[in-house]
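Below is one structure, written out as C-alpha cells; the observations come after it.
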Amino acid sequence: MIRHSLITSSPDILGGTPVFRDTRVPVQTLIEYLEGGQTIDDFLEGFPTVTREQVIAFLEEAKTRMLPVAS
C-alpha cells in the first residue's frame, strides 16, 4: 500500500482526488507529465509544493506494486 504519509485523499480537497500530502497537487498530474514525455524536473518546476523525495517515493512504491518480485 502507498504510505499514508505520502498521498492523501479527502472530500474537502479536490473532491477526494488523491494528492501529494500537504499539497493540492493530484498524483494524476505527475503521471500525466511523465506520459507526455516531460521530466520529473519539469513537474517539480510547475508544482514547487511537491518535493523530489515525494515524487521518487511515489514512483518507487508504484514500481514495487507493479513489478513481479524476483525469485
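A few points about this structure:
- Cα centroids of the stretch 31-71 and the stretch 5-21: 17 Å apart.
- Take every pair of alpha-carbon atoms less than 8 Å apart whose residues are at least six positions apart; their mean separation over the length of the chain yields a relative contact order of 26 percent.
- Working value for the chain: equivalent-ellipsoid semi-axes of 20, 17, 11 Å, each the square root of 5 times a Cα gyration tensor eigenvalue, largest first.
Values quoted throughout were computed directly from the atomic coordinates according to the rules given, and no laboratory measurement underlies them. What you see is a predicted model, and the numbers here were worked out from it, not measured in a lab.
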